[in-house]
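Everything on this sheet refers to the single structure shown next.
The values are calculated or read from the model by the stated rules, or taken from the named source; none is laboratory data. All values derive from a computational prediction rather than experimental measurement. As a convention, Cβ positions derive from the backbone with ideal geometry for all residues, glycine included, and neighbour counts pool all protein chains shown. These area figures cover heavy atoms from the full protein model, side chains too; ligands, DNA and RNA do not enter into them. Shrake-Rupley method; radii C 1.70, N 1.55, O 1.52, S 1.80 Å.
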Amino acid sequence: NIEATAAASILSLKMQEHLLHLSQESVLCLLCDHSREDLDMLSSCTAQARAVIVLLSYGSLQCPSQLVVMMGAVARRAEDAEERAQKLLLLPLKLFGFQFPNEDYYDRVLPPLLPAMENEAKMLIKSFFKLIAMT
């Protein structure tokens, strides 16, 4: 949505200067800059990321591409923990208007959004929301 896109753009602008000091390879990948249909590319970006910031806004939970990024980040953190590697930094940020999911969401709304990954999606999205979202 427009609010999340604006927030992501502002955050990106403020972060770029600081990230470039850390490494010449630092790259920001904004979900709003990519096709929502390219779920494989989004999964690949998430798998290679050092940090993932998820801006939770109205409509986030109806957006398959954002759900895939959330799922990928949670799965990646679990893999990092098993390998005793440095964990991916996962930072959910709650924007005005976002409502946390209830059981009806997991049972009725989520399955048609990601039908090929229904059981995995439910487990990973629930795990994602066990993290504390900052407001």
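Considering each of GLN99, GLN66 in turn, give the residue that is under 30 Å from LEU11 (Cα atoms), among the polar types (S, T, N, Q) and open to solvent by less than 40 Å² (accessible area, probe 1.4 Å).
Just one listed residue meets the conditions, GLN66.
Do you know which of the residues in segment 55-65 that are in contact (Cβ under 8 Å) with a residue 40 or more places away in the chain and in a helix (DSSP H, G or I) is nearest to CYS45 (Cα to Cα)?
PRO64
With the requirement that a residue be in contact with a Lys or Arg (Cβ under 7 Å, 6 or more places away or on another chain) and part of a helix (DSSP H, G or I), what does segment 88-120 give you?
Result: TYR106, LEU110.
Could you check, for segment 66-78, whether at least one of its residues is outside any helix (DSSP H, G or I) and either in contact (Cβ under 8 Å) with a residue 24 or more places away in the chain or more than 16 Å from the chain's Cα centre (by Cα) (or both)?
Quick first cut of segment 66-78, residues outside any helix (DSSP H, G or I) only: none.
Looking for residues that are outside any helix (DSSP H, G or I) and either in contact (Cβ under 8 Å) with a residue 24 or more places away in the chain or more than 16 Å from the chain's Cα centre (by Cα) (or both), one finds none in segment 66-78, hence no.
For the condition in a loop (DSSP other than H, G, I, E, B), surrounded by 10 or more Cβ atoms within 10 Å (Cβ to Cβ) and modelled with pLDDT under 90, what is the one hit in ALA85, ALA81?
Numbers: ALA81 fails: in a loop (DSSP other than H, G, I, E, B).
From the options ALA85, ALA81, the qualifying one is ALA85.
Starting from segment 102-123, take each residue that is closer than 20 Å to ASP40 by Cα and open to solvent by less than 90 Å² (accessible area, probe 1.4 Å) and list its partners that are hydroxyl-bearing (Ser, Thr, Tyr) and assigned to a helix (DSSP H, G or I), counting only C-beta distances under 8 angstrom and pairs at least six apart or across chains.
Partner pairs satisfying both residue conditions: LYS122/TYR106.
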